[in-house]
Amino acid sequence: MKIVVTGASGNVGTALLGVLRGRGHEVGAVVRRPPPPVAPYDVARWTALDLSQPASEPRLRELLSEADALVHLAWGFHPMRRPDYLRAVSVGVLERVVRVALDVGVAHVAHTSSVAVYSPRTTPSLVDETWPPGGIPTATYSQHKVAAEATLRRLAAAAGAEDRVAVLRPALVGHYAAGGPMLRCGLPGIVPGAVLRHVPVLPVDPRFGIQLVHARDLADALVRVVERRAHGPFNIAAEPLLRGPDIAAALGARPVPLRREHARALLAAAWHAHLHPLDPGWVDMALEAPWVDSSRAREELGWHPRHTALDVLAELVRGMSDGSGTASPALRPRRVLDACVRAAREGTVARRALT
């Protein structure tokens, strides 16, 4: 099978290439900045293409006309201070890629969405794929995920291709190599990741709870979806549900109570003062997104996560502390000196189109 993967050099894409190795598939990868031909990136044939530009469409059409399946991972996280640009490089790119894929007859399309696509949590119970979409109103990332899925449904319906399209809705995805890049997007560059080894206390809201999934486990689900040509939505999350004290324990810190209103106010103040790269909507997602049940993936795909949520958390904390990364430009290691030099040249992470 020939599989074309967009955004293949990022967190999920890196894991997916590792899972695809040795399975006999021909892999084509489309990114703006191809990585060097080292493992796991040497499993794919790379094409440098800016999918946000209309001029990319002829080459994209050529690539997809030879494909049996499309795995769409490309998504923009920055610059967070330019939501219109983010929508163009996320929802706009999905619309272009999927429209072309369905037009040229790609037999199967798998899109990686997020649990953030769901309407706010109103129950402590795990919810399945019938929970209504709608997203978190104050979170740009969440609203873009909602718009992307709506666009995907519209395109599939127009092409009569609903049975050719799958959507995976993972919880927060992580692994060791993504720790440094993730911290780059969540902590000012002048602060070394090693500070995480010396956190004395961690403010937590009693209502906080988060689900995680290892990048390789999500990649395994993606491969199962593509190889079985499964369609429809699939929640993807590992157990257990993590609470504030779990996060504090992973950091070796003591949890102290802090209400959501106060946490959001502090983050908003830091955001508006340009001291922090994450916008306040991420606090709302962390406290409002529903917790999901992954039974459909287990029953229909035979999928079972090999890593617990606690495993993923421990890997992420180690990766963040170590400034981990890979040879991919999108996942390059986090270094304070590099961050300072780049900030002087290009501004803060929250202002950049490429991190």
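Counting only DSSP beta bridges with both residues in the chain, what percent are antiparallel, rounded to the nearest 5?
Expressed as a percentage, antiparallel bridges in the chain total about 10.
What do you get for trypsin sites (Lys or Arg not before Pro) in segment 257-328 restricted to DSSP loop and a cutoff of at most 16 other Cβ within 10 Å of the site's Cβ?
ARG259, ARG306
Given 0.36 nm per residue, what is the gain on full extension from ALA344 to ARG153 after removing their alpha carbon distance, in nm?
Result: 64.5 nm gained on full extension.
State, to one decimal in nm, how far the label point of GLU162 lies from the label point of VAL191, with both points 7 Å from Cα in the Cβ direction.
4.7 nm
What is the Cα coordinate range of segment 1-156 on the first, second and third principal axes, sorted by size from largest, in whole angstrom?
Taking the Cα atoms of segment 1-156, the three principal extents are 45, 34, 30 Å.
Given bins 10 angstrom wide, list per bin the percent of all Cα-Cα distances in the chain, short to long.
It works out to 5, 25, 37, 25, 8, 1, in whole percents.
About its Cα centre, what dipole magnitude does the chain give when the only charges are +1 on Lys and Arg Cβ and -1 on Asp and Glu Cβ, stated in debye to the nearest 20?
Dipole size: approximately 860 debye.
Could you give the Stokes-Einstein D for segment 170-305 in µm² per second, using the C-alpha Kirkwood radius, 25 °C, 0.890 mPa s?
Approximately 146 µm²/s, per Stokes-Einstein.
May I ask for the angle, rounded to the nearest 10°, between helix 309-322 and the longest principal axis of the chain, with both axes built from Cα atoms and the value confined to 0 to 90°?
Result, in degrees: 70.
Once the piece of chain linking GLU62 and VAL336 is laid out straight, how much longer is it, given 0.36 nm per residue of separation minus the C-alpha distance between them?
Separation in residues times 0.36 nm, less the Cα-Cα distance, equals 94.5 nm.
Each reported figure results from applying straightforward, stated rules to the coordinates on display, with no laboratory input. Bear in mind that the values here come from a model prediction, so they are computed numbers and not experimental data. Here the Cβ is made from the backbone with ideal geometry for all residues, glycine too, and neighbour counts use every protein chain on show.
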